[in-house]
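Comments concern the structure below.
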Amino acid sequence: MARRSRTALPKYVTVARDRYGTVRLRFRRGRHSAYLKSPFPSDAFDEEYQAALRSENAGRSEIGKSRTKPRSIAALIVSYYASPEFKGTAASTQTSYRGICEKVRQDHADRMVKDLGRQHVKAIIGKMSATPAAANNYLRMLRILMRHAIDIEWVSRDPTLKLKGYSRKTAGFHT
């Protein structure tokens, strides 16, 4: 790294005084924040600054990606989040899809996608009979995920195909 002048701090580093009057150097970039303990300018500071940059960049990897089993439901959800189909939806749609996907991940993260059969999906939806609208949303999300699994060639068939959800019971039209 080319050293800047003695007065100019490196990028993402600010000076702040704590409540005791001690001058502290703080590295802040995005959500990553760290206090740099070495005095500026010094070789120790440069090493600490580079380490902060590296750890900040390392933090950008997908959260939980290292803990997911390959070709599991959790890995499918990680893959779906990175897909253009998900990224192309509106922010509000992404928020609602994430909520349902995280519920799917919470319930079935370690299950393998290829082992998910029609009878499993029926059982999952059947357990949600007390909340039919939530069951229909869950089924809709499973359909989207299975279509994505077919697109990335993890499975060749869709177990949610032609599977019916709960019918909506309405009060009808008020005239």
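What follows is calculated from the coordinates using simple rules that are stated; it is not laboratory data. Since the structure is predicted, the reported quantities are computational estimates derived from the model, not experimental observations. Virtual Cβ from ideal backbone geometry, glycine too; neighbours counted across all protein chains shown.
Which of the lysines could be linked to Lys164 by a straight reach, that is with a Cα gap under 25 Å, when you skip same-chain ones fewer than 8 residues away?
Lys103, Lys114, Lys122, Lys127
Beta carbons within 10 angstrom, averaged per residue: use that to sort the peptides 87-95, 141-149, highest first.
For the peptides 87-95, 141-149, the packing ranking is 141-149, 87-95.
Using θ = phi - 60° and the Karplus curve 6.51 cos²θ - 1.76 cosθ + 1.60, what whole-Hz ³J(HN,Hα) does each residue of segment 17-29 get, with Gly and Pro shown as x?
Listing the rounded values in order: 9, 7, 5, 9, x, 6, 7, 10, 9, 10, 8, 9, 8 Hz.
Apply the a/c threshold of 1.5 to the C-alpha gyration tensor of the chain and tell me whether it is rounded, prolate or oblate.
On the way: a/c = 3.68, a/b = 2.45, b/c = 1.50.
Prolate shape, in that a/c is at least 1.5 and a/b is the bigger ratio.
With a ≥ b ≥ c the root eigenvalues of the C-alpha gyration tensor of segment 65-151, is it rounded (a/c under 1.5), prolate (a/b larger than b/c) or oblate?
In terms of gyration-tensor shape, oblate.
Setting aside same-chain residues fewer than 8 positions from Lys37, which lysines have a Cα under 26 Å from its Cα?
Straight-line reach from Lys37, under 26 Å: Lys11.
Select from segment 102-175 those chymotrypsin sites (Phe, Trp or Tyr not before Pro) which occupy a DSSP coil region and have at most 10 other Cβ atoms within 10 Å, ordered by residue number.
Values: sites: Tyr138, Trp154, Tyr166, Phe173; in loops: Trp154, Tyr166, Phe173.
Listed in order of number, the matching sites are Phe173.
Using only the alpha-carbon atoms, how far is helix 132-151 inclined from the longest principal axis of the chain? Give it as 0 to 90 degrees, nearest 10.
70 degrees
Rounded, prolate or oblate: which fits segment 13-58 when a ≥ b ≥ c are the square roots of the eigenvalues of the alpha-carbon gyration tensor, with rounded for a/c under 1.5 and prolate only if a/b beats b/c?
Working: a/c = 3.00, a/b = 1.34, b/c = 2.24.
Oblate shape, in that a/c is at least 1.5 and b/c is the bigger or equal ratio.
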